[in-house]
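Structure first, then comments.
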Amino acid sequence: MTKELSERDICTKFILPALEAAGWDRQSQLFEEYPLRVGRVVVRGDKGKRDPGTVRRADYVLFHKPGIPLAVIEAKDANHTIRDGIQQALAYAEMLDVPFAFSSNGGGFLFHDSTGAGGVVERELALGEFPSPAELWSRYGAWKGLPAEQAPLLAQDYHPGKRPRYYQINAINRVVEAVARGQRRLLLVMATGTGKT
C-alpha cells in the first residue's frame, strides 16, 4: 500500500469494501462521518458561531438498526499504523455507549472488544476478517444481558423520521434494554433542555 493515500482514499478503497463484504448495509447499518457533537457556540458581540475545533464526527458508526449503535470505526491515512486511531475510536465508542471500537489504516483493522468475550480485548484483523452484523449483535446482546426472546421489543422503532442526539439514543436504549431484561422500575435523569419529551 502506498503512503500517499489519504484518509478518504483509505475509506473508499479499503474500509468500505471490507464492511460491505462482511454484510453491512450502507443504507441502514453503516453511517459515514457520523455527527456526535455539533460544536460549541462561541458568542462574539451579538453573533454566535460554532467553533469548528469542537465538532466531533466518527468516521463510521455501525448500527444493528437505526437507533441501536454497535461499533465505531476510526480511519487513518496510510502514514499511520492501524493502532493510531484506536484511542479516538474508544472515546467515540464511550460517547455512544458501545463496546466495540475499530481503527484502520487500510492494511487491516485493530478490533477493541470491551465486552471481554473470548478473553481477548484487542486483536488485529485482516480486511476480510471484519465481523458481520449478526456476530457483533450477538456479542452486544450477550454483553448487555438481553434475552433472545425480547428481540421484537429491541427491534421496535421509536423515532421514525427523527435523528436523536447521541445521549438521547443512549438514554432510550438503556430504558428499552432494562425493560427487556424484566426491570420494572426505572429512573431517567437528564439535564434540562436535553430533549426528554
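Bear in mind these aren't lab numbers, they're just calculated from the coordinates by the rules spelled out. Predicted model only: the values in this text are computed from it and were never measured. For neighbour counting, all protein chains shown are included, and Cβ atoms are generated from backbone atoms with ideal geometry for every residue, glycine included.
State whether one or more residues within the range 169-178 are touching a residue at least 24 places away in the same chain (Cβ under 8 Å), touching a strand residue (DSSP E or B) at 6+ places or on another chain (Cβ under 9 Å), under 20 Å from residue 29 (Cα atoms) and basic (Lys, Arg).
Checked the range 169-178: no residue is touching a residue at least 24 places away in the same chain (Cβ under 8 Å), touching a strand residue (DSSP E or B) at 6+ places or on another chain (Cβ under 9 Å), under 20 Å from residue 29 (Cα atoms) and basic (Lys, Arg).
Is there any pair with a first residue in the range 85-97 that is of a type in the set (D, E, K, R) and a second that is part of a helix (DSSP H, G or I) whose Cβ atoms are under 8 Å apart and which are 6 or more apart or on different chains, and what are they?
Qualifying pairs under 8 Å: 97/170; 97/173; 97/174.
Going by the conditions given, is residue 98 closer than 25 Å to residue 14 by Cβ and either in a loop (DSSP other than H, G, I, E, B) or hydroxyl-bearing (Ser, Thr, Tyr) (or both)?
Taking the combined requirement at face value, the residue satisfies it.
Every residue in the range 13-36 that is of a type outside the set (A, V, I, L, M), surrounded by 15 or more Cβ atoms within 10 Å (Cβ to Cβ) and part of a helix (DSSP H, G or I), please.
14, the sole residue that qualifies.
Where residues in the range 1-37 are in contact (Cβ under 8 Å) with a residue 24 or more places away in the chain and hydroxyl-bearing (Ser, Thr, Tyr), which of them is farthest from residue 128 (Cα to Cα)?
Residue satisfying both the conditions and the ranking: 34.
Test of understanding: among 149, 177, 135, which residue is among the charged types (D, E, K, R), surrounded by 14 or more Cβ atoms within 10 Å (Cβ to Cβ), on the phi < 0 side of the Ramachandran plot and in a helix (DSSP H, G or I)?
None of the other options fit; the residue is 177.
Can you pull out the residues in the range 101-130 that are assigned to a strand (DSSP E or B) and more than 21 Å from residue 80 (Cα to Cα)?
From the range 101-130, those assigned to a strand (DSSP E or B) are 101-104, 109-113, 122-125; that's our starting set.
Across the range 101-130, the qualifying residue is only 113.
Are there any pairs, at least 6 apart or on different chains, whose C-beta atoms fall under 8 Å, with the first in the range 101-130 and without any contact (Cβ under 8 Å) to a residue 12 or more places away in the chain and the second of a type in the set (Asp, Glu), and if so, which?
Close Cβ pairs satisfying both conditions: 120/113; 121/113.
How many of the residues making up the range 111-142 are among the β-branched types (Val, Ile, Thr) and under 18 Å from residue 173 (Cα atoms)? It would help to see each step written out before you state the result.
Taking the range 111-142 first, the residues among the β-branched types (Val, Ile, Thr) are 115, 120-121.
Adding the requirement that they be under 18 Å from residue 173 (Cα atoms) leaves 115.
Qualifying residue count for the region: 1.
Suppose we filter 67, 53, 45 for residues that are in contact with a His (Cβ under 7 Å, 6 or more places away or on another chain) and over 17 Å from residue 111 (Cα atoms); which single one remains? Don't jump to the end; show me each part of the working.
On the way: 53 fails: in contact with a His (Cβ under 7 Å, 6 or more places away or on another chain); 45 fails: in contact with a His (Cβ under 7 Å, 6 or more places away or on another chain).
None of the other options fit; the residue is 67.
Filter the range 89-111 for residues that are surrounded by fewer than 21 Cβ atoms within 10 Å (Cβ to Cβ) and more than 12 Å from the chain's Cα centre (by Cα) and give the result.
107, 108
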